[in-house]
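The structure appears right after this line, and notes come after that.
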Amino acid sequence: MLNSNSFNFFHGDALLISVFVFYAISTIYITVFSIQSIRKRRYSSAFLAISTLLAAYVILATGNDTLHHVLRIDALAQQIATGSPSPLIENKATGEVAAIFLYYSFLPYLLPVALTVAGVASRVSLQIAEVVYLGLLIYSLRRLVECLPRPEKKQLAYAAAILFLTANYVYSDWTTRAAIGEICAYALIPMAIVYALEETSREGMSCEGRSCEGSSWIKLAFIFFLQACAHPIVFAFCALGTFVSVYAITDRPLLKLARPLLTASVAGLAAAAPFWLPAALFMNDVLGKQALPFNFANTFAPPWQVLDPTIFATVGPTMIAFCGYLVYAGWANRDRRLLSCSILFFALLLMQTWLFAGLIPKIPGLSQIQFIWRLMFATAVIGFAAALRFSQRDHCGNFARLIPVFAIVAVSAFGVRLMTKLPKIVNDVQKIISPSDRTAESYFVNFSDEPESVWGVRLFSPDYANIRSFCPESTPDVFSRVSFADLRKNPVVSTPYVGVFAGPIDFVTYRAKGENAVLSHCDHVLVLGPLTPGATLSVDESKLDLAQKSRAGVLGFAALIFAAQFMRRRKKGIAGAVKGNAPA
């Protein structure tokens, strides 16, 4: 007879044990299947197998940033449900706000927020979005391999895709970091390479049986636009990976490649500029990177650490060894492009070690990336580009004999790494069964020393360095405290000075009797005054409303342009097909 304890076991411990066993058996089976496929030179089958395995892990795994994203999704979904979308995220318990979505793109959140509004749990919505972005990366990689000008070399190109997908930082961006902004931008890189190849190398492009005639420039520009809107900090890395990949795969002169690629990237960046203009105008009004408990120079690793197969902030020793092999192959065959791409791979890798910790931080603007290992994805893309070139060359000959060895080692290491994540997967399932009581009220806290708030909110806390410091007497007849949420209700003041904890500045305007209030600060409290007791105090958020509408307009306008171009191309293709089938 079943009792309550056996019922709990069935829905608790037994489920966790079942998940562990299922994932363990699946990981071992797919890893062995992939190795066998590689030995038989069926690299495409191995690629699809490990892609499926990775997706199975992503659907349950939580990363370092998962909590941030879940609570932000909840906050945005609540704003949409109440008809009050705003870049300011409000803490309903304290009334304070954080200007997160003035400086962080909402584009990667569109899918999970839509799912949450439709009734899906925010945690599940986030996992679904991550799997969708991973699916986009996998589809784009497959599309890139299928579009290469040497169909007979397709299987070797899939081997290069395996080395890329099993690079530590590539899959760890999903399984360890859950950096939704980054993965949204990075997932589009292979598709950008496809469109760039179509635009710059019209002759010889198979494109899965479709003609590559017609301009792909606007598609490439649109991809760059989406990447810039999703995460402007990593946009430069996306463009770098795309440029180097096209240079590696084709043999066209560099100047002929540069014009369409540069114009497309500039057009995409220019189209995205209005999207980020509000953030640029008010960049100095929040703490930003100065709120982080480290500086940029501290993120450079020892040179030997890039060979550590157990950390995420590396491409892994297998890709490093393979690119070293490509340096030798490029030198032996006098293939300048293969050699230069392989050397660039190692240059970027070394740039992320403390050998260059004294030089790299001096490059203007580079410290904005916060972590130097954010370059690691672009490093993996460039290694992938070198591998693709190697796979497409006739002279690879005897050098290609070691490709199965590298692929087998990469897949084996990938399987072992996923097996080590099984305890964490089980723990993540436990969190789904018994959700944490962590709420937005305990997360959206400005100037908090709690780790989650430091990494997810404190970046967006106001910076009062440019306004005067003034602390009025704290007597009840001189100074009173209100929350930002209270100011939205237009309260009547009773004291000459009013304090707002972590009150934002510049992108909102505080008014009393129709005139702008004088601003000062006392530690983390924004002080308004002197004010006339009995005056109505209000806050004007029209700048934020304009920023929100302009961003939506930028995305909508770009989507319309792309849709119009797509329809034009489709009509042109249909007209060409009809003309070709017409009787003579």
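A few comments on the model shown:
- Largest to smallest accessible area among 467, 343 [probe 1.4 Å]: 343, 467
- Å² per residue, accessible surface of the range 479-541 at 1.4 Å: 42
- Taking Cα atoms only, the orientation of helix 254-281 departs from the longest principal axis of the chain by about 20 degrees.
- Value of [θ]222 nm, deg cm²/dmol, for the chain, DSSP H segments ≥ 4, -39500 (n - 2.57) each, nearest 500: -18500 deg cm²/dmol
- Rounded percent of accessible protein surface that carbon and sulfur make up, the chain, 1.4 Å probe: 64
- Compared with the dominant principal axis of the Cα atoms in the chain, helix 66-81 is inclined by about 60°.
- Anisotropy class of the chain from Cα gyration tensor, a/c 1.5 cut: prolate
- Partners of residue 489 within straight-line reach, counting lysines whose Cα lies under 26 Å from its Cα and excluding those fewer than 8 residues away in the same chain: 92, 513, 543, 549.
- Taking 21 Å as the straight-line reach from the Cα of residue 362, the lysines in range (excluding those fewer than 8 positions away in the same chain) are 289.
- Helix 422-433 axis, angle to the chain major axis (alpha carbon atoms, nearest 10°): 40
- Across the range 524-541, computed HN-Hα scalar couplings (Karplus, 6.51 cos²θ - 1.76 cosθ + 1.60, θ = phi - 60°) run 9, 9, 7, 9, 9, x, x, 10, 8, x, x, 6, 8, 9, 9, 10, 9, 10 Hz from first to last residue, x flagging Gly and Pro.
- Cleavage-rule hits, trypsin sites (Lys or Arg not before Pro), the range 486-522, DSSP coil, Cβ neighbours within 10 Å at most 16: 488, 489, 513
- Centre-to-centre, using Cα atoms only, the range 13-52 and the range 147-170 are separated by 19 Å.
- Counting only protein heavy atoms and a 1.4 Å probe, the range 65-134 has 33 square angstrom of accessible area per residue.
- Summing charges over neighbours of residue 343, with a neighbour being any other residue whose Cβ is under 15 Å away from its Cβ, gives +3 when K and R count +1 and D and E count -1.
The values are calculated or read from the model by the stated rules, or taken from the named source; none is laboratory data. Given the structure is predicted, the values throughout are model-derived calculations rather than measurements. Don't worry about glycine lacking a Cβ; one is built from the backbone with ideal geometry, like all the others, and counts go over all protein chains shown. Just so you know, the surface numbers come from the protein's heavy atoms only, side chains and all, with ligands and any DNA or RNA stripped out. Shrake-Rupley method; radii C 1.70, N 1.55, O 1.52, S 1.80 Å.
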